[in-house]
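The values are calculated or read from the model by the stated rules, or taken from the named source; none is laboratory data. Every value quoted in this text rests on a predicted model; they were computed, and no experiment measured them. Cβ atoms come from the backbone with ideal geometry, glycine included; neighbour counts cover every protein chain shown. Accessible surface areas use protein heavy atoms only, side chains included; no ligands, DNA or RNA. Shrake-Rupley method; radii C 1.70, N 1.55, O 1.52, S 1.80 Å.
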Amino acid sequence: MADKIRMDSHKLIFHPDRVAAWLRGENIYPIELEVGLTNACNHRCIFCAVDYTGYQAIMADGELYKRRLEEFAEKGVKSIIYAGEGEPLLHRDAPEIINRTKSLGIDAAMSTNGVLLTPEVSKDCLKSLTWIRFSTAAITEATYEKIHQCKAGDLQKVLQHMEAAVRVKKDQNLKTTLGVQMLLLPDNKDEVVKMAKEMKRIGVDYFTVKPFSQHPQSGNILQVNYQEMLGVQQEIKELQTEEFKIYFRAHSMEKLVCERGYKQCLALPFMVYIDAHGNLWPCIVFMGKEELSYGNIYKNTFAEIWEGERRAKLVEQFMQMDLEKNCRELCRLDEMNKYLDELRHPGEHVNFI
């Protein structure tokens, strides 16, 4: 359920066996993959972190990828998020790939702008998704089109598709969590409350408001002062109910002005990013820097890459990396790194429970 999302925390505590193996120094396989099915996108959002990739019409090899899914399952991968460089639903095999993922015992999720999540697509694959997150930056057409840089009318399509997904969830008696994420920007700060009300009316499970985080390679550079925007938090929190959760990520906004308390990215083995070309990246921050790719699933098996000499050398290199110089401000691995760093460096009183 939405109240167990742990939006500003992490879920490694639910995988003690994998964490224990990591503590013993074993070469563990990742729990989660993020996969880009395509580099193409039907929007050109002004906040896009991977604009530098060029939005090429690259499509993942669906047949080969589906074979690799079997290996992912064998190696203990627990979940796959279909998001990536572009809009996943531009890949014509996306629903089939999602269904195949779930059939192999891997939890599947998707981040989408929602324009292509038609009622037919929802009926086809919503049953195989643990969650869907709509990336929707505004609730008025003028603001939406300014931020998303999209075709006129796309916002109305998205809202209709949200309503259709809610209907499919009810009709098929599904547990799929339907969420909407709004990236808070100066252009949309006056629409947060109105948008929260509309999401509640539509019937999604949660609405989250998160800050912009600068990607080191992105050409989209935005300066946002979130201390000026924290006042809206209480107003939208009043809209929350048991059925409709609000996540205003003030904790993440406050972290923008804090330095990391750890020196190494210890969480890298627990996740990996696979782009539409089939390249494996330790983190999306490094995507495009060929010298930092673990390998390519179209050229080698997952096991050959993960257990190979190239990845072993790169892991050693990453452990020496200056995180403040090389990483983005709000990293997905941040909370996991805090947890793992504490496990690696416990205090003297840990046995006094």
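For the range 1-64 and the range 75-122, what is the separation of their Cα centres, given in Å?
12 Å
On the accessible surface of the range 282-353, probed at 1.4 Å, how many percent belong to carbon and sulfur atoms?
The computed percentage sits at 49.
Per residue, how much accessible area does the chain show when a 1.4 Å probe rolls over the protein heavy atoms, in square angstrom?
Per-residue accessible area for the chain comes out at 48 Å².
Could you rank the peptides 196-206, 79-89 by their average count of other C-beta atoms within 10 Å per residue, with the highest value first?
For the peptides 196-206, 79-89, the packing ranking is 79-89, 196-206.
Can you pick out the pairs among Lys11/Lys66; Lys263/Lys338; Lys299/Lys325; Lys157/Lys194 whose Cα atoms lie more than 21 Å from each other?
Values: Lys11/Lys66 27 Å; Lys263/Lys338 10 Å; Lys299/Lys325 32 Å; Lys157/Lys194 18 Å.
From the list (Lys11/Lys66; Lys263/Lys338; Lys299/Lys325; Lys157/Lys194), the Cα-Cα distance tops 21 Å for Lys11/Lys66; Lys299/Lys325.
Using the C-alpha gyration tensor of the chain, what are the square roots of 5 times its eigenvalues, in whole angstrom, with the largest one first?
31, 25, 21
Evaluated at 37 °C with a viscosity of 0.692 mPa s, what Stokes-Einstein diffusion coefficient in µm²/s does the range 64-179 have when Rh comes from the Kirkwood expression over alpha-carbon pairs?
My calculation gives 222 µm²/s for D.
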